[in-house]
């Protein structure tokens, strides 16, 4: 799309939960491997353009006391976590200038330094990729919307637990909070200056 302009100095790429325990789960409509590959390309391009890259991961204490456990009709599945469950996948090629945010719930703002780190760097626009579209990405985006950030959702650099959940977020929720584009659209816009 020709209407996409990205200012690298005020834009951050936010990569949600691309960690061993999350990418091992089924994802749709895009495979976890495809999402990781596209987010890695985006991270490389954003770094080369001088933009901030934020890598978000979810993790819990050994005693699991910091995990949310509300009474719910569809509680998250109980599962053992491997030792590397919350480690970021190596394909993201974490660099010293990246910010890593550890969260304990779906959204990356609550209880973390994300807002502080973005504002101190003059960030105005957030570009998203990751898994799951309708959990971590959407929760973070809703908080960012209420904080006044401009937002750009990279549809094929994120995936949901189901194709329908992903589709609902990218066709109904995200267009009300920002713009939805493809990886190729974003890569072209970050390289044009």
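Assorted remarks:
- Tabulated pairs, the stretch 26-40, first farther than 13 Å from residue 154 by Cα, second part of a helix (DSSP H, G or I) and modelled with pLDDT under 95, C-beta under 9 angstrom, 6+ apart or interchain: 32/22
- For the stretch 166-184, the set of residues classified as surrounded by fewer than 20 Cβ atoms within 10 Å (Cβ to Cβ) and in a helix (DSSP H, G or I) consists of 167, 168, 171, 172, 173, 175, 176, 177, 184, listed by residue number.
- Extreme residue, farthest from residue 133 (Cα to Cα), among residues of the stretch 48-64 that are outside any strand (DSSP E or B) and within 16 Å of the chain's Cα centre (by Cα): 51
- Count of residues meeting criterion [more than 27 Å from residue 111 (Cα to Cα) and surrounded by 17 or more Cβ atoms within 10 Å (Cβ to Cβ)] in the stretch 42-64: 2
- Any hit, the stretch 130-143, residues being in a strand (DSSP E or B) and loosely packed, with under 15 Cβ neighbours inside 10 Å: no
The values are calculated or read from the model by the stated rules, or taken from the named source; none is laboratory data. Just so it is clear, the structure is predicted and the values come from calculations on it, not from any experiment. Note that we place each Cβ from the backbone using ideal geometry, even for glycine, and neighbour counts take in every protein chain shown.
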